[in-house]
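Have a look at the structure below before the remarks.
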Amino acid sequence: MGIELVNFHNMSKDFVGVIIEESLEKKDVLHGLKNIETKVEKVTEEHQTPWVEQWTLHTVEVTENQARSVAEELSKSLDSQHNWYADFKNDSHHYIIFRDKVFCIDRKSQEQYDEAKRYGISLGIPEYQVDFHPDIKEWER
C-alpha cells in the first residue's frame, strides 16, 4: 500500500502568459494583473515591428475567474494600427487574443489551434509567430 503524491502546482487553473506592453493602446489592462516577470528586448529585424524600438514583455498570471474578462479587455486594448496578439494558458485552455477577436482553445484541439493560426496569418502576422500548438516548437526569440 503506497501513498500517491499529487503535484497541485501542475494542476493549476490559473493562466500564465506574456503581454507585450508596446502592443497595447490602452495599458490599463496590465494594472489588475499579477506581474511575474518583466524583461525588455531590443527589437531586431526578425521581430518585424520596426515602429517600436523595444518590446517590454510582461509575464502575467491571470486567475481562472478573470480569464474571460481579461481576454475581452485585452482584445479592445491591442494596438489598432498594427496586428498584435496576446495569449495566456493553463493546463487545459489557451486564450489567444487578437484585436476584437478572442479564441478560447481546448489545448488538445489541433483544429482550434489551426483556426487561430489561420486568423493570425490572415492579419499579416508572420507564420512563425503564430505557431501556438504545444506540439509545435515555440518561436524562439
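The values are calculated or read from the model by the stated rules, or taken from the named source; none is laboratory data. A quick note: this is a predicted structure, and the numbers were derived from the prediction, not measured. Virtual Cβ from ideal backbone geometry, glycine too; neighbours counted across all protein chains shown.
The C-beta contact set for the stretch 120-131 (first residue at pLDDT 90 or above, second residue surrounded by 13 or more Cβ atoms within 10 Å (Cβ to Cβ) and part of a helix (DSSP H, G or I), distance under 8 angstrom, 6+ apart or interchain) comprises Gly120/Gln129.
Looking at the stretch 40-55, can you tell me whether even one residue there is on the phi < 0 side of the Ramachandran plot and under 15 Å from the mean Cα position of the chain (by Cα)? Before the answer, list the steps.
Kept after step one, since they are on the phi < 0 side of the Ramachandran plot, are these residues of the stretch 40-55: 40-47, 49-55.
Now restrict to residues that are under 15 Å from the mean Cα position of the chain (by Cα): 55.
Yes, that holds for at least one residue.
Determine whether Arg107 is modelled with pLDDT under 90 and touching a strand residue (DSSP E or B) at 6+ places or on another chain (Cβ under 9 Å). No, not satisfied. Within the stretch 45-87, being closer than 16 Å to Ser23 by Cα and in a loop (DSSP other than H, G, I, E, B) holds for Gln48, Thr49, Pro50, Trp51, Val52, Glu53, Asp79, Ser80, Gln81, His82, Asn83, Trp84.
Here is a yes/no grid of residues against (1) of a type in the set (S, T, N, Q); (2) surrounded by 15 or more Cβ atoms within 10 Å (Cβ to Cβ):
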{"residue": "Lys34", "(1), (2)": "no, no"}
{"residue": "Glu37", "(1), (2)": "no, no"}
{"residue": "Thr63", "(1), (2)": "yes, no"}
{"residue": "Leu78", "(1), (2)": "no, yes"}
{"residue": "Phe98", "(1), (2)": "no, yes"}
{"residue": "Glu111", "(1), (2)": "no, no"}
{"residue": "Gly120", "(1), (2)": "no, yes"}
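If Val52 meets every condition in (1) touching a Cys at 6+ places or on another chain (Cβ under 7 Å); (2) surrounded by fewer than 20 Cβ atoms within 10 Å (Cβ to Cβ) apart from one, which number is that one? Of everything listed in (1) touching a Cys at 6+ places or on another chain (Cβ under 7 Å); (2) surrounded by fewer than 20 Cβ atoms within 10 Å (Cβ to Cβ), Val52 misses just condition (1).
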